[in-house]
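Everything below concerns the one structure shown next.
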Amino acid sequence: MLSENVFVIGAGETKYGELWEKSLRDLAVEAGLKAIENAGIYSRDVQILYGSNSLAGIINGQENIGSLIADFSGIASGNIPAVRIEASSASGGAAVREAYLAIKSGEYDVAVVGGVEKMTDIFGNEVLDMMSSLLDREWEAFFGATPAALAAISARKYMKDFNVKKEALAMMSVNDHANASLNPNSHFKNKITLDQALNATSVAEPLNLMDCSPVTDGASAIVLASESYLKKNKLNGMRILASAISQDYLALHSRDSIYTLDSTRIAADEAFKRSGLKREDMSFVELHDSYSIYGLMELEDLGFAKKGEADKLVEEDIKLGGRLPVNPSGGLKAKGNPLGATGVGQFVEAFLQLKGKADKRQVKDARYGLLQNMAGTGSTSVVHIVGGD
Ligand code: COA
C-alpha cells in the first residue's frame, strides 16, 4: 500500500509580517481556506488536518492547535482527525511529511497542512527568551545562549577556518531581500545593498541585523492528495518526489562540528536517493536561512558546494537568473520566519514556481525544487524534493 504518489493540489498563505490586527486563529483559518479554495475542493473533502506550530503554547497561551484550526475553519463538524505537529522551526516540513506518509500509506486521500505562528504581540526580549526554548534550555539558554549567539559562534569558527569573508554572508541576505521585494506576501519589501548588509546594527558579532531572520506573524497552508484522488477528480498538482527527515544532537556543543549540519546532510542524501535525481537537476532551492551563516552551511551540507566553499556560489549562482536560484520566495531573512508556518510556506513557493505562477520572481523553466526546513541550530532537518511531470 505504499505505492500511492502524493501531490500538492492547492496552496495559500497570509501576508507575513507584524500583523497586529490578526489573531493566531485568524491567520490559520485565512491560509487554510485559501489553500482549499485554490485546490478546487470543498472543506468537507478534507480527511485529516495537520496543524504545524512551534511556540503558541508559551507565546499565545494556546495549545491544541489542531482542534483550534479545525474548529474555526468550519471543518470540526466533519469529525476528521486534527492534530498538531511540533518540531520547532522545522514543524512545517515535519507536518507535511506526516501528511505525505498518511496519504502514501493508503489511509487517507486528502490532507491539509496548516502552519501558523503569531509572534509579535509580546515584547522583543520576551520573544527572544521564548525562542531560546528551541535550544537546550538547561545547557544552552540557561547560560545566556540565544539562537543568534549560537549562529554567531558557528559563523566565527567557519569564517576563521575557511577564510571566508563577511561579504559572503551578507550576499545571502542581499539575495533574499532582492527576491522578497518581488513577493507581495513577504515581511520585508525593501532591497538592500551589500554595504547596508555589512554595516547594520550588530546583533551577535559577527552577525548584524541583516544576518538575522525577523520575528514574524503568518500562516501558510497546502492541500495534499493521492494520485488516485487526483485522477478521479481530474485535478492536477505538484508531486512530492521525496521526503526525508533526520536528527542531530539538540545542543550545539554536543556535535562533532559546529558548522556542519549532519541532519541536513543525511536528510538531503536520503531525499536525492529516493527521488533518483541529482543536485544539478534542481531548478531552485528554498533554504532555512534563519541566519545568513546557515545559508552557506546548508548549501554545503545539501551537497551544492564543498565544505567551506559556498562563498563561491553567492556572487552570481544564487540569484533568480543564476545557476541555482536560492530562496526565490525571499527566504527566512526577508520573506520572514513565522516558525510553524515557515516550512509550509516553502511548499507554497514551490507550488507557485512549478505552476509558473510566481510572477516577477518566476524561475525560468522551473522543473524541480528542493525545500530544506530546519529546527533551531540544526537538531532536526526535513528535506523534500518536489516537481517533475
Ligand atoms: N532584518 C531587518 N530589519 C529588521 C529585522 C531583521 N531581522 N528585525 C527587525 N527589523 C527592523 C524592524 O522592521 C524595525 O524597523 P523600523 O524601525 O523601520 O520599523 C526595526 O528593525 C526595529 O525592530 P524591532 O522589532 O524593535 O527589532 P528588535 O531589535 O526587537 O529585533 C532581532 C531584532 C534581530 C533581535 C530579531 O529580529 C530577532 O531576534 N531575530 C532572530 C529571530 C530568530 O532567532 N529566529 C530563529 C529561531 S530558530
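Any read-out appearing in this document is the output of simple, stated calculations on the displayed coordinates, not a laboratory observation. No experiment lies behind these values; they were computed from the predicted model shown. Reconstructed Cβ throughout: ideal geometry from the backbone, glycine too, with neighbour counts over all protein chains shown.
If you take every residue apart from Leu207 with its C-beta less than 15 Å away from the C-beta of Leu207, what net charge results, scoring Lys and Arg +1 and Asp and Glu -1?
Details: positive: Arg156, Lys157, Lys160, Lys165, Lys166, Lys333; negative: Glu167, Asp176, Glu205, Asp211, Asp289.
Result for the neighbourhood of Leu207: +1.
If you take the alpha carbon radius of gyration of region 124-229 and divide it by 2.2 N^0.38 Å, what ratio comes out, to two decimals?
Expressed relative to 2.2 N^0.38 Å, the Cα Rg reads 1.33.
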Report summary line: Exposure proxy check on Lys15, Lys234, Lys312: fewest-to-most Cβ neighbours within 10 Å is Lys234, Lys312, Lys15
Report task. May I ask for the net charge around Val386, where only other residues with Cβ less than 14 Å from the Cβ of Val386 are counted and Lys, Arg are +1 while Asp, Glu are -1? Result -> +1
Query raised in the report: Just the projected area, averaged over all directions, of the convex hull on the alpha carbon atoms of region 1-134: how many nm²?
Result: 8.0 nm²
Query raised in the report: Which lysines have a Cα less than 16 Å from the Cα of Lys104, not counting those fewer than 8 places away in the same chain?
Result: Lys231
Query raised in the report: In what sequence do Phe188, Phe351, Phe284, Phe72 fall when counting other Cβ within 10 Å, fewest first?
Result: Phe72, Phe188, Phe351, Phe284
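Take the alpha carbon gyration tensor of region 272-389, find the square roots of its eigenvalues, order them as a ≥ b ≥ c, and report rounded if a/c is under 1.5; if not, report prolate when a/b exceeds b/c, else oblate.
Working: a/c = 1.27, a/b = 1.13, b/c = 1.12.
Rounded, since a/c falls under 1.5.
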Requested in this report: Mind sorting Thr342, Thr120 by how few other Cβ atoms lie within 10 Å of their own Cβ, fewest first?
Outcome: Thr120, Thr342
Query raised in the report: How big, in percent, is the set of alpha carbon pairs in region 216-272 lying more than 13 Å apart?
Result: 73 percent
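From the square roots a ≥ b ≥ c of the eigenvalues of the alpha-carbon gyration tensor of region 106-181, which class results: rounded (a/c under 1.5), prolate (a/b over b/c), or oblate? Write down the numbers at each step before the final one.
Working: a/c = 1.81, a/b = 1.28, b/c = 1.41.
Since a/c reaches 1.5 but b/c is at least a/b, the shape of region 106-181 is classed as oblate.
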Query raised in the report: Quick one: if you take sqrt(5λ) for each eigenvalue of the C-alpha gyration tensor of region 224-325, what semi-axes come out, biggest first, whole angstrom?
Result: 29, 19, 11
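Restricting to Cα atoms and excluding each atom paired with itself, what does the Kirkwood estimate give for the chain in Å? Write down the numbers at each step before the final one.
Details: mean 1/r = 0.0492 Å⁻¹.
Result for the chain, one decimal place: 20.3 Å.
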Query - Beta bridge orientation in the chain: antiparallel %, DSSP, nearest 5 - result: 70 percent
Query raised in the report: Which one of Leu128, Ala111, Ala95 has its Cα pushed farthest toward the positive end of the charge dipole of region 81-129, where Lys and Arg give +1 and Asp and Glu give -1 at the Cβ?
Result: Ala111
**Report entry** region 97-232, relative contact order in percent, only Cα pairs under 8 angstrom and at least six apart counted
**Finding:** 38 percent
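From the cross-link list Lys22/Lys319; Lys15/Lys273; Lys189/Lys307; Lys15/Lys191, which pairs have alpha carbons spaced over 25 Å apart? Can you show the working numbers first?
Working: Lys22/Lys319 33 Å; Lys15/Lys273 35 Å; Lys189/Lys307 32 Å; Lys15/Lys191 18 Å.
From Lys22/Lys319; Lys15/Lys273; Lys189/Lys307; Lys15/Lys191, over 25 Å: Lys22/Lys319; Lys15/Lys273; Lys189/Lys307.
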Requested in this report: Report, in deg cm²/dmol and to the nearest 500, the calculated mean residue ellipticity at 222 nm for the chain, where each DSSP H run with n ≥ 4 adds -39500 (n - 2.57) and the sum is divided by the residue count.
Outcome: -10500 deg cm²/dmol
Requested in this report: Enter the Cα centre distance for the pair region 261-292 and region 126-168, rounded to the nearest angstrom.
Outcome: 23 Å
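In debye to the nearest 20, how big a dipole does the chain give about its Cα centre with +1 on each Lys and Arg Cβ and -1 on each Asp and Glu Cβ? Could you put the intermediate results ahead of the total?
On the way: 40 positive and 50 negative charges, 212 e Å.
With only Lys, Arg, Asp and Glu charged at Cβ, the dipole is about 1020 debye.
Kindly point out which whole DSSP H helices in the chain project their C-alpha atoms 15 angstrom or further along the helix axis while averaging a Kyte-Doolittle hydropathy of -1.0 or above. Before the final figure, lay out the partial values.
Values: long enough: 24-39 (23 Å, 0.28); 91-104 (19 Å, 0.35); 147-162 (22 Å, 0.16); 166-180 (22 Å, -0.19); 262-275 (20 Å, -0.93); 339-354 (24 Å, 1.04).
Helices passing the filter in the chain: 24-39, 91-104, 147-162, 166-180, 262-275, 339-354.
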Report summary line: region 190-244 and region 33-91 have their Cα centres apart by a whole-number Å value of 19 Å
Query raised in the report: What percentage of all Cα-Cα pairs in region 65-157 are separated by more than 22 Å?
Result: 48 percent
Report task. Just add up the charged neighbours of Ala95: K/R +1, D/E -1, any other residue whose Cβ is under 13 Å from the Cβ of Ala95. Result -> -1
